[in-house]
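Novice: Please find one structure pasted underneath; my questions will follow.
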Amino acid sequence: MAVTLFWTPLLVVLLAGLGDTEAQQTTLYPLVGRVFVHTLDHETFLSLPEHVAVPPAVRITYHAHLQGHPDLPRWLRYTQRSPHHPGFLYGSATPEDRGRQVIEVTAYNRDSFDTTRQRLVLEIVDSEGPLLPYQAEFLVRSHDVEEVLPSAPASRFLSALGGLWEPGELQLLNITSALDRGGRVPLPIEGRKEGVYIKVGSASPFSTCLKMVASPDSHARCAQGQPPLLSCYDTLAPHFRVDWCNVTLVDKSVPEPADEMPTPGDGILEHDPFFCPPTEAPDRDFLVDALVTLLVPLLVALLLTLLLAYVMCCRREGRLKRDLATSDIQMVHHCTIHGNTEELRQMAANREVPRPLSTLPMFNVRTGERLPPRVDSAQVPLILDQH
């Protein structure tokens, strides 16, 4: 009960502290080709005293975008596991992104629906120090991307990787979620992680162990479902579970040959003995072809029309021939049926007798009362369609 009374006024202060205030501005200096990580802490967006910590009950989400644009620049990403966890802006700038970029961050308090804005001014400059031509990328399946973005796990990874590399300074170049590289969302089972790609660079050459892991023999073993060749002790285990079948080594110490620029020619093909196009085309008269194309279908259609007219007009037998070919008994039978039908139609149209009593309704089914027929159907012809 005492804990509840303590947190209640503190929450009121938090809800009032996250309001619509003037946007704060912070200047950061990302380096080209180096990983950039900025943490969006709840304390930064809440106006709290120094001795007061943010309680876990506060839920804050963030929305970041490039100033004047609806989304972040292509090199920068945002992630947040839940409203109770901090958010992260991370990525690796390219030489094309060099310059000044302004990121606007809006924090939403999901309890009071207050908002606070912050403006991050990114001054992207070239990195100082030696070049890092030897670069390696590892797939860590035991972590999510937000678990390696803080400085402590990243430093622990570099320290553990130092046992597999030649002595030299290792630096983080990029961190990418496995979901952004085509990975699948894991099942909600304890211990299953999304995975994260960590790219590391160094001025020292690759060790023999790393070269063996990335060799064609190791890739062939991985294709058969076997573990790759690893000639040294895995210093990253057990804190980091690395998929050694997804290790990529890039050596930029040897410059790639420049692509040869095509030399523009005069537009005339060289002489080829196997291709001899005709230089002159003889004149042709297409009159005969046109007459054949038009007259042959017309003649065929005319013949078919004459044949159809002969069959329909010149081959008629006539009614007299048909009656002569019919027997007298069949003709009498036909005439008798026809005459009786006409007589019945006349009698049905001219009858004036009332309907028989047997056809009248005796009583109403619902009330039980005797009701006369509403319509005398005796006046209605028996055959309506032929009346």
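Novice: Gap in Å between the Cα centre of segment 199-216 and the Cα centre of segment 223-245?
Specialist: That distance is 13 Å.
Novice: Starting from the Kirkwood radius over alpha-carbon pairs of segment 134-251, derive D by Stokes-Einstein at 4 °C in a medium of 1.567 mPa s and give it in µm² s⁻¹. Don't skip to the answer; put the middle values down first.
Specialist: Values: Rh = 14.7 Å.
Calculated translational D: 88 µm²/s.
Novice: Follow-up. Taking a probe of 1.4 Å, how large is the accessible area per residue of segment 134-251, in Å²? Let's see the in-between values first.
Specialist: Numbers: 6030 Å² over 118 residues.
That works out to 51 Å² for each residue.
Novice: Also, I was wondering about something else. For segment 134-251, what % of the accessible area comes from carbon and sulfur atoms, probe 1.4 Å? If you can, show how the numbers build up before the last one.
Specialist: Working: 3090 of 6030 Å².
That share works out to 51 percent.
Novice: Residue by residue through segment 324-332, what is 3J(HN,Hα) from phi via Karplus (6.51 cos²θ - 1.76 cosθ + 1.60, θ = phi - 60°)? Round to whole Hz and write x for glycine and proline.
Specialist: 5, 7, 8, 5, 5, 4, 5, 5, 5
Novice: Report the chymotrypsin sites (Phe, Trp or Tyr not before Pro) located in segment 21-113 that are in a DSSP loop and have at most 13 other Cβ atoms inside 10 Å of their Cβ, or state none.
Specialist: Values: sites: F36, F45, Y62, W75, Y78, F88, Y90, Y108, F113; in loops: W75, F113.
Counting only loop positions with at most 13 other Cβ atoms within 10 Å, the chymotrypsin sites (Phe, Trp or Tyr not before Pro) in segment 21-113 are F113.
Novice: I would also like to ask the following. Over segment 67-114, give the accessible area per residue in Å² for a 1.4 Å probe, as an integer.
Specialist: That works out to 54 Å² for each residue.
Novice: Now, a different point. Give me, ordered by chain and number, the residues 5 or more places off R34 or on other chains with an amide H under 5 Å from its own placed amide H.
Specialist: A93
Novice: Given H placed on each backbone N at 1.01 Å, which residues far from R59 in sequence or on other chains put an amide H within less than 5 Å of it?
Specialist: Sorted by chain and number, the residues that satisfy this are R110, D111.
Novice: For segment 232-248, what does the Karplus curve 6.51 cos²θ - 1.76 cosθ + 1.60, with θ = phi - 60°, yield as ³J(HN,Hα) per residue in whole Hz, taken in order and with x for Gly and Pro?
Specialist: 3J(HN,Hα) across segment 232-248, in whole Hz: 10, 6, 6, 6, 7, 7, x, 6, 10, 9, 8, 7, 6, 7, 10, 9, 10.
Novice: Would you mind calculating the gained length between M261 and L294 on full extension (0.36 nm times residue separation, minus the Cα-Cα distance), in nm to one decimal?
Specialist: On the way: separation 33, 0.36 × 33 = 11.88 nm, distance 5.62 nm.
That works out to 6.3 nm of additional length.
Novice: Quick one: net charge around Y29, please, counting Lys, Arg +1 and Asp, Glu -1 for every other residue with C-beta under 14 Å from its C-beta.
Specialist: Details: positive: R34, R98, R100; negative: D97, E123, D126, E128.
Once positives and negatives cancel, what remains is -1.
Novice: Let me ask something else about it. Heavy atoms only, probe 1.4 Å: what % of the accessible area of segment 22-124 goes to carbon and sulfur, would you let me know? Kindly include the intermediate steps, with their values, before the conclusion.
Specialist: Numbers: 2580 of 5300 Å².
Ligands and nucleic acids excluded, carbon and sulfur give 49 percent.
Novice: Right, another one. Can you give me the long-range amide H partners of L72? Hydrogens built in the peptide plane at 1.01 Å from N, cutoff under 5 Å, separation of 5 or more residues or another chain.
Specialist: L66
The values are calculated or read from the model by the stated rules, or taken from the named source; none is laboratory data. What you see is a predicted model; the values in this text were computed from it and never measured. No Cβ is skipped: glycine too gets one built from the backbone with ideal geometry, and neighbour counts run over all protein chains shown. Accessible surface areas use protein heavy atoms only, side chains included; no ligands, DNA or RNA. Shrake-Rupley method; radii C 1.70, N 1.55, O 1.52, S 1.80 Å.
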